[in-house]
Amino acid sequence: MFEAGRLRALYAQYREQVAFLVVYIREAHALDGRSPLIKGGLPLVEEPVTLDERRAVATVCLRRTAFEGMPAVVDGMDNATEKAYAAAPDRLYLIGKDGRVAYQGAPGPFGFLPSALEKAIEAELAGKASEAPKP
Amino acid sequence: MRSPLRAVPARALSMPLLGMLFLTLLSSCVCGKPPSCCRMATSAAPEAALPPGPYARDARQSAWSYLAAKYDADGDERITAEEHGRGEAAFQHLDSDKNGAITADDLGPGPVHGLMARMIFMHWLQDDEDPRVLTRAEFERGLAVVDADGSGAFTSRELARHMEAHEASVPGMPVPPPGMDPFLSLELLADEDRDHAVSTQEALAYFDAHAQDGAWSLRRRRRPPPGKGRPEPAAAVGETAPDFTLHSPDGKRAVTLSSFRGKQPVALLFGSYT
């Protein structure tokens with residue numbers, strides 16, 4: 001996930017009005033996966049094979065990035081939530097107070113736009129529905 | 001903290017400190033923003049507090065060093081499937097050269113780096129009518145522009161400046177995500193003499209190695225057949241969000257999405273560490 005700092009800033013600004021939840025899913029660039037990104041200070045992570053392993057990696061991720069302290073949950077090893085939201089490798093959503101999808105970011109990494117999420121939050125809080133911006 | 005520090009083989013601890021210094025030089029972010037913008041924020045968390053798991057504790061450890069320490073039980077610099085023991089798919093991914101064992105040679109730049117490198121060149125070195133074709137001549141002209149100080153080579157900084165100053169010229173093509181160092185991909189693939197700069201010669205060698213009829217061209221992406229390609233989300237905008245109950249990383253708190261209905265909107269940030 002990118003732009004942890006910007007998302008943290010959104011959290012700080014809107015947390016009283018909007019619940020923020022980091023949903024930790026399968027690795028985008030596992031060392032032993034299809035598209036490893038080796039070198040350059042990026043984290044070395046093998047794709048977890050148990051829930052305990054995924055929870056451990058999530059713990060380290062949260063601790064070592066600007067997401068530290070934010071509410072977070074970990075997807076099950078069936079990747080059910082990731083599949084339901086087509087969320088891999090990363091993706092931003094806003095669920096409205098009515099339980100409906102208010103904003104659905106385009107798939108990451110290129111669609112992962114904190115600025116678009118911010119606009120959606122503002123629109124939701126102002127009472128209007130918001131659509132994902134066209135790529 | 002409950003968990004004791006996982007026993008680390010002496011071999012991992014003997015990783016050359018020089019190697020760590022070297023990787024420090026490679027890992028600086030060129031976006032110029034404070035470290036919290038980048039994936040790897042600095043953290044003072046003591047090592048003993050980190051839970052055991054399938055990740056390198058030292059973010060600057062090399063991939064081979066990590067894998068060898070963990071799996072190369074007989075120390076012969078080759079990790080067999082038996083030594084690996086983490087599943088066929090994972091082993092096959094790691095054994096890039098398909099010689100039946102994971103070795104240091106398997107851990108070079110991957111397909112993502114090639115894609116990044118080509119995207120960078122296609123985007124930022126175009127200067128004529130057809131944005132879908134990058135000719136060698138365009139490429140050479142583009143390199144001269146990137147190489148602002150005329151040194152005959154360009155560095156991470158020069159490339160970043162060029163990318164900031166110029167719009168990507170291929171409409172509809174994705175751009176490298178913010179915070180990721182695009183130069184790294186070029187460096188991994190083209191910087192033959194390892195001087196952290198890509199010279200005109202090195203860049204042209206890379207171009208020629210991947211050119212057909214002296215040019216690079218973008219193929220129009222065909223729609224994948226039904227059933228293949230990117231899966232669709234279960235709910236579109238305006239539809240009820242799929243419910244879930246998931247637990248916090250420490251396993252202590254359960255969160256059910258539908259519990260927020262009628263109370264608050266929920267921003268969901270899906271992603272992972274890598």
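The values are calculated or read from the model by the stated rules, or taken from the named source; none is laboratory data. Since this is a predicted model, take the numbers as computed values, not measurements. Virtual Cβ from ideal backbone geometry, glycine too; neighbours counted across all protein chains shown.
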Residue tally, condition among the acidic types (D, E) and touching a residue at least 12 places away in the same chain (Cβ under 8 Å), over segment A:14-30: 1
Within 7 Å of chain B (Cβ to nearest Cβ) and free of Cβ contacts under 8 Å to residues at least 24 places away in the same chain: is that true of A:G33 in this structure? yes
Being at pLDDT 95 or above and closer than 27 Å to A:S35 by Cβ, is that true of even one residue in segment B:250-258? no
Within segment A:71-112, the residues that are farther than 18 Å from A:A30 by Cα, of a type in the set (A, V, I, L, M, F, W, C), within 14 Å of the chain's Cα centre (by Cα) and surrounded by 22 or more Cβ atoms within 10 Å (Cβ to Cβ) are A:A72, A:V73, A:L92, A:L94, A:I95, A:F112
So which residues in segment A:78-97 are in a loop (DSSP other than H, G, I, E, B) and either at pLDDT below 95 or at the interface with chain B (Cβ under 7 Å from one of its Cβ atoms) (or both), if there are any at all? A:Y85, A:A86, A:A87, A:A88, A:P89, A:D90, A:G96, A:K97
Answer yes if at least one residue in segment A:51-67 is more than 7 Å from chain B (Cβ to nearest Cβ) and in contact with a helix residue (DSSP H, G or I) (Cβ under 9 Å, 6 or more places away or on another chain), and no otherwise. yes
Candidates B:R230, B:R157, B:R221, filtered to the one that is under 26 Å from the mean Cα position of the chain (by Cα), modelled with pLDDT of 80 or more and under 27 Å from B:P109 (Cα atoms): B:R157
Would you pick out the residues in segment B:59-92 that are touching a residue at least 40 places away in the same chain (Cβ under 8 Å), in a loop (DSSP other than H, G, I, E, B) and within 12 Å of chain A (Cβ to nearest Cβ)? B:R60, B:Q61, B:S62
Go over the candidates B:D149, B:D95 one by one and state the one that is free of Cβ contacts under 8 Å to residues at least 12 places away in the same chain and within 20 Å of the chain's Cα centre (by Cα). B:D95
Can you run down the residue pairs with Cβ atoms below 6 Å, 6 or more apart or on separate chains, where the first is in segment B:234-246 and more than 7 Å from every other protein chain (Cβ to nearest Cβ) and the partner is at pLDDT 95 or above? B:D243/B:L257; B:D243/B:S258; B:T245/B:A254; B:T245/B:T256
With buried (at least 22 other Cβ atoms within 10 Å of the Cβ) and among the charged types (D, E, K, R) as the only criterion, which of A:R63, A:R54 stands out? A:R54
In this structure, is A:A28 part of a loop (DSSP other than H, G, I, E, B), more than 7 Å from every other protein chain (Cβ to nearest Cβ), out of contact with any Leu (no Cβ under 8 Å at 6 or more places or on another chain) and closer than 26 Å to B:L67 by Cα? no
Restricting segment B:114-154 to residues that are among the polar types (S, T, N, Q) and out of contact with any strand residue (DSSP E or B) (no Cβ under 6 Å at 6 or more places or on another chain), the one surrounded by the most Cβ atoms within 10 Å (Cβ to Cβ) turns out to be B:Q126
Search result, residues across segment A:6-31 that are surrounded by 20 or more Cβ atoms within 10 Å (Cβ to Cβ) and modelled with pLDDT under 95: A:R6, A:L7, A:R8, A:A28, A:H29, A:A30, A:L31
Of the residues A:E68, A:E47, A:E16, which is among the acidic types (D, E), under 14 Å from the mean Cα position of the chain (by Cα) and more than 30 Å from B:H196 (Cα to Cα)? A:E68
Please work out if A:A56 is in contact with a Leu (Cβ under 9 Å, 6 or more places away or on another chain) and closer than 27 Å to A:Q13 by Cα. no
Say whether the condition of being in contact with a Ser or Thr (Cβ under 9 Å, 6 or more places away or on another chain) and either at the interface with chain B (Cβ under 7 Å from one of its Cβ atoms) or not charged (D, E, K, R) (or both) is met by at least one residue in segment A:102-111. yes
